[in-house]
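So the structure is just underneath, and the comments pick up after that.
Laboratory data are not the source of any read-out in this text; all were calculated from the coordinates shown. Everything numeric here is computed off the predicted structure, so don't read it as measured data. In this analysis, Cβ positions are derived from the backbone assuming ideal geometry, glycine residues included, and neighbour counts consider all displayed protein chains.
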Amino acid sequence: MVSSPMEAAHAAFWAKRGGLLFRQARHAASMNQRLLASVSGTSRTTLSAYEHGRKSPTLETAGRILDAAGFRLALEAKIEFAARVSERRTFYVPSRLRRLPVGAALGVVRLRERVYDLADRGARRAAYTLLLCEGGPQELLDHVDGVLLVELWDELALPAVIRAEWEPLVEEARHEAGVIN
């Protein structure tokens, strides 16, 4: 089967991403390649080939290796961003709201030379206002938790155009949670 250069590049990209995933799981589990290979039922040379993107495992094998390292293979929704312009300023709106790990959702973050403790409701309100108005896609992914945003929504002082763009996401989340306004 002949693949196009684009397909080959795409496959190489995902092989490298998969390799990084295996290395991260192995390091987080404080395991060396030999131990992880042994526990997961594969050889050290094969695991090395996976980690370096020279070989791609089946989904079953990937799940088995990650499981042996104490992780699981999970499906995560892809979030895309739409750029919108308001008063000559660009702001971004995601295709869906995301849940963050607790440490990120309630951690301390530096934005625009100011530090915000997201565990503090007032600081989180100020940070979310700033992020929704001026944050880029990666900042939004890293610092805005969907549930905490919905919970603060009515308290955020947002320009009308930004509120209008984000409102459908918040209402959808409220509807899914069975929250009545």
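Some points to look at:
- Unit Cα scatterers, Debye sum, the chain: log10 I(q)/I(0) for q = 0.17, 0.20 Å⁻¹: -1.02, -1.18
- The slack in the chain from Lys78 to Ala8, taken as 0.36 nm per residue of separation less the alpha-carbon distance, amounts to 23.0 nm.
- For the stretch 61-130, with +1 on Lys and Arg beta carbons and -1 on Asp and Glu, the positive-most of Ala123, Ala69, Thr90 along the dipole: Thr90
- Taken over the stretch 44-96, the convex hull of the Cα atoms encloses 133 Å³ per residue.
- Normalised by the number of residues in the chain, the average gap of Cα pairs under 8 Å and 6 or more apart makes the relative contact order 15 percent.
- With θ taken as phi - 60° and the Karplus curve 6.51 cos²θ - 1.76 cosθ + 1.60 applied, the whole-hertz 3J(HN,Hα) list for the stretch 93-102 is 10, x, 6, 7, 8, 10, 8, 9, x, 3 Hz, x standing for glycine and proline.
- Sites Arg88 and Leu141, calculated FRET efficiency, Cβ-Cβ separation with R0 22 Å, nearest 0.05: 0.35
- Shown is the FRET efficiency for His52 and Ala123, computed with R0 = 35 Å from the Cβ-Cβ distance and rounded to the nearest 0.05: 0.25.
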